[in-house]
Amino acid sequence: MQIMKKPLNLIGLVGLMAIMLTFVACSGETPAPAAVPTAKVIVEQVEVEKLVEVEVEVVVTATPEPTPVPPAEVKVYSFSNSSPHITEIDTATNTVIRTGDITDLVKLAWNDDGNYFDGQDLWLTGKDSEAKTSELIFLNLTTLEVSGRLDLGSNPANAYLGGGLSTNGEVFVGLQGNMDQAGEIVVVKASTKEIVNRIPVNQIACDVDIQVGTDGVERVFTPNQKMDAVQNFDATTHELIATADMPEGSNPFMLTAGPSGKHIWVQDGSAGTNTVLDSKTLAVVATIPTGAGPVVASFSPDGKYGYVGHYSATTMTVIDTATFEIVAQVETGPSPSKIAVHPNGKFVYTIVSKESAIAVIDTSTWKVTTKIYVESSPGGLFLNSN
């Protein structure tokens, strides 16, 4: 706020008014309304004798500064079958914030960065090997408490979530099955958390992922270990589209949809390779040797790099998604079988179960910069940037 001061000639004004009153009294005439003298006339006709300062407030409005938007919090969650089941990590400081337990947990199944987060609950897969059943566990990430469960039915082996939410609001869960019981894909309506369909896959279904192809068709993909094959289904009609044979004995264990909409990356457990398939035709585009027991893949935010983790090696493989050439083999420690990528692209996180740690990889050097040690050996990993 600024204060502006202007002097006024007070005595001059009083003198002029006295002269005017004397003239009216002598003439005897009804006085006409006197004109209000201006400051300019006073200054010109009367000698300044005394100045009176009058303070006038002038408000100067400044342009408000824009309200700063706080950066999004990015947290990594590791999951374990031992207490504490949940460990929450702040990626800004690489420190553990808090831990928690999942009530009435029998055992967690497969949980990675392909799990679905609905804005409140992270969907986790659980299993009971003795009862041969699987379930979805809805974990509130604000409270770290279970908000609900969904029984998925009979399943003697693992359960897998992948691909997040389809365009028509469905989540697909792969029930692995075994040599005696065929696997299937369970379709869950996200808004109601109810099962709406079950897609038979005839043999063993491991991982599952969804992708909208360059042709606009949304497909669901699953690898089939027993058949040495990969299948895809229409995500809307749930009908089988195609089955592609993989090399005999390759054991296609897991898969991940590529970011371009053109390719599916398949981790061949026994062959030690990552096979890239054309999403529409399921034809082989490239086969990349990565290491023993490739089991998971993820991608940089710009889609330039693919990251392949292993359960029988101590390295994470970095692959150029344009040339399919290996860029780096990052030494992480034993069994980097789950991977999560920071949205800024600068860091990659992977579990190192035998060390009860999360390795943090700097993508500018392809080196592990630190390891975050947790109380219980991590078996699952998820990154949340909401």
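Nothing in this text is a laboratory measurement; each read-out follows from the coordinates by a stated rule. Computed from a prediction, not measured in an experiment: that's the story for all the values here. Glycine gets a Cβ as well: all are built from the backbone with ideal geometry, and neighbour counts include every protein chain shown.
What to note about this one:
- Scaled against the 2.2 N^0.38 Å expected of a compact globular protein of N residues, the Cα radius of gyration of segment 318-386 reads 1.12.
- Using the Cβ of residue 368 as centre and a radius below 12 Å, the other residues enclosed give a net charge of -1, where K and R count +1 and D and E count -1.
- With contacts taken as Cα pairs under 8 Å at a separation of at least 6 residues, segment 75-384 carries a relative contact order of 12 percent.
- Legend: translational diffusion of segment 75-384 by Stokes-Einstein, Rh = Kirkwood radius over C-alpha pairs, 37 °C, 0.692 mPa s; D = 171 µm²/s.
- Along segment 122-133 the Karplus relation, 6.51 cos²θ - 1.76 cosθ + 1.60 evaluated at θ = phi - 60°, assigns HN-Hα couplings of 8, 8, 10, 9, x, 8, 10, 5, 6, 7, 6, 9 Hz to successive residues, with x for each Gly and Pro.
- Amide H contacts of residue 204 (H built 1.01 Å from N, in plane; Pro and chain starts excluded): 183, 225, 226, 227 sit under 5 Å, all sequence-distant by 5 or more or on other chains.
- For segment 307-335 versus segment 147-162, the spacing of their alpha-carbon centroids is 29 Å.
- Dipole of segment 75-384 computed with +1 at Lys/Arg Cβ and -1 at Asp/Glu Cβ about the Cα centre; of 169, 374, 181, farthest Cα towards the positive end is 374.
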